[in-house]
Amino acid sequence: MKSHFFNGASRLACAAILLFCIGLSEAFAGGKLGIYGILMTPRGDDAKNFSRTGYGGGIHVVVPAPQTLSLFAGTAGFEIINLLSETTTFRDRVTGLRVEQQTSQNYGRLFLGAQIGGHGRGFVRPHMGVNVALVFYGINTDVVIPDDRDREREIRQNLRGENHAVFGYDFTLGVDLNFWNKWNLDGGVRYLKSSALPQQLGAGSEKVYPEYFQIYLGVGISFRSIRKAGEKKD
């Protein structure tokens, strides 16, 4: 099963890179740069045991292949989401000082893939896509003795920090609203899965395969508009 996935992922990555190369010469004519916000929720025990619903953001580029009448496009981007941000407060029995244990878990990924759908001049442009990704997990716990008068004088000690990088993939369904071929409003949903992630909390070498759902909404600008803005400045 794993070999089938990685073979398919390799073919998809090669196809996406080819689409990018084909579309580079026409990138400023039909491509776009977008930034978006994300709501991500864990699905299944492997994700729910180690994370919660989180918020984040991302940036991506979409480059249509003109030889396909803008039906296919290559995509690439980066996302980061905070899946756990928790502060536990307690009193030191000896000194009476207030002590905080601050835990933060972040999820980031670099992705590359392909889209099929409307990338032309229409107003409503539905699309679907698939990406392969390099996924980064980081969890960090600090013990802090805060100073209420001056936060810069707080005493902070790192209790634990772990970082892991694994492969993953996603499937996307979305719709793009095109305004005057300059700006666009883009939104949709994604299913994401990571492979063979070392257990983040607790001892042992157990591997988990977390899954997530994303809802994203953002705005984009066409490369043509960016180019024209640059020409005006010149």
How far, in nm, would the chain grow between D45 and L177 when pulled straight, counting 0.36 nm per residue and subtracting the alpha carbon separation?
43.9 nm
With label points set 7 Å from each Cα along the Cα-to-Cβ direction at I116 and I215, the distance between them in nm comes to 2.8 nm
So for S225, S51, S70, fewest C-beta neighbours within 10 Å to most, what's the order?
S225, S70, S51
Give the calculated FRET efficiency between Y191 and F123 to the nearest 0.05, with a Förster radius of 22 Å applied to their Cβ-Cβ distance.
0.25
Ranked E152, E211, criterion: other C-beta atoms within 10 Å, fewest first
E152, E211
Along the Cα→Cβ direction, 7 angstrom out, place labels at V99 and S85. What is the inter-label distance in nm?
2.5 nm
In nm, give the distance between the simple-model label positions of R52 and E152, each being 7 Å from the Cα along the Cα-to-Cβ direction.
3.1 nm
What ranking of D170, D142 emerges when the number of other C-beta atoms within 10 Å of each C-beta is taken as an exposure proxy, fewest first?
D142, D170
Per-residue HN-Hα couplings for segment 118-124, Karplus 6.51 cos²θ - 1.76 cosθ + 1.60 at θ = phi - 60°, whole Hz, x for Gly and Pro?
x, 10, x, 9, x, 7, 9
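The numbers here are math on the coordinates, done by the rules we state, and not lab data. What you see is a predicted model; the values in this text were computed from it and never measured. All Cβ positions, glycine included, derive from the backbone under ideal geometry; neighbour counts span all protein chains shown.
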